[in-house]
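The values are calculated or read from the model by the stated rules, or taken from the named source; none is laboratory data. These numbers come from a predicted model, not from an experiment. Every residue, glycine as well, gets a Cβ built from its backbone with ideal geometry; the counts of neighbours run over all protein chains shown.
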């Protein structure tokens, strides 16, 4: 859909930049993001909702790089945050506080106070206790906190259980069967402007039917609450739209989804909030790696590369699939191999039993669709410095996060 990555004369390009040049000069492992792909994916939502009161809030948990956040802020994006650290990041990147939505099940007193002082758009509250704390803190600071209750519409997202969030058994939000009574009680709390309703049923949905069903259930809830005198002004339907990690996977029917939620928002006369993350950042990024060794053992072929689960944990954590492309097509045929990293864990793999180009030590490899939940989930396990991040715009590229050094690994520690 974004067309940011393609081969030209046997070399893999990102926009107008030869990725072999980036790998050689910036080093590997290295994350690379396409500015054009980020803008185009964000534009899908802006175009689909044009003329409707709306706010498209990029989910910062998907990719928190300051340059990426600045680029999206300049394009008009709002931001969905889930921590005080993400609030700090988006403000540092130049976000408009009035376009920030604070989600998350375990907000601390300090995080709530910082968001109130910043003047954010609203809080998505996930328990009665949180509503009471928000009320108290807003009163103490002389503020009015605009809030929504996150409701679990009990729709099965049919996705990986670790990223499914909208059923009544999940830790997130309030069961829709209990939501009305909580709205009635919370509407009496001082310091709160309880003006919204929100939901988020899960991530990586390629079928938009569950998202539309959840939206319809939320719309019915808004109407029932209005009948009880609770006038809601905005509806936050979260994120969840997936991307094709496998080359034969379909794209979700985004026009159908946007048409459905647009019709709902127009009928209810509410401001519509959406919180895409993966859909915007995932296909816009790749992780570059270099082959270190080849070995055969137990009847298997192994490609040992310099990227690992510390750079990209999704294959180990979710058994996630990422396509693998050589930066230079070698023309040596193909092989079936496990692509593994240097970390001392058997779970440290990027792909298992994968048919791939016949690569040799020194060859470069691109792990595709890695722009979301890649660097943000990276760790220093095995005392591995986190990789650099690069942003490509047209024919130019620049490092937007320096590679960590060994000194960075011990910063703040004392003997």
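Quick notes on this structure:
- Residue among 131, 116 that is crowded, with 20+ Cβ neighbours inside 10 Å and touching a residue at least 40 places away in the same chain (Cβ under 8 Å): 131
- Hey, residue 382 within 24 Å of residue 63 (Cα to Cα), more than 24 Å from the chain's Cα centre (by Cα) and surrounded by fewer than 20 Cβ atoms within 10 Å (Cβ to Cβ) or not: yes
- Conditions (1) crowded, with 16+ Cβ neighbours inside 10 Å; (2) modelled with pLDDT under 95: number failed by residue 372: (2)
- Count of residues meeting criterion [in contact with a helix residue (DSSP H, G or I) (Cβ under 9 Å, 6 or more places away or on another chain) and more than 19 Å from residue 319 (Cβ to Cβ)] in the stretch 345-364: 1
- Residue 201 farther than 19 Å from residue 4 by Cβ, outside the structural domain of residue 335 (by TED's automatic domain parsing) and at pLDDT below 95: yes
- Residues in the stretch 238-264 that are crowded, with 24+ Cβ neighbours inside 10 Å and in a helix (DSSP H, G or I): 261 only.
- Meets criteria (in contact with a strand residue (DSSP E or B) (Cβ under 9 Å, 6 or more places away or on another chain), more than 30 Å from residue 276 (Cα to Cα) and surrounded by 14 or more Cβ atoms within 10 Å (Cβ to Cβ)) for residue 359: yes
- Any hit, the stretch 395-404, residues being assigned by TED's automatic domain parsing to the domain that holds residue 297 and within 30 Å of residue 295 (Cβ to Cβ): yes
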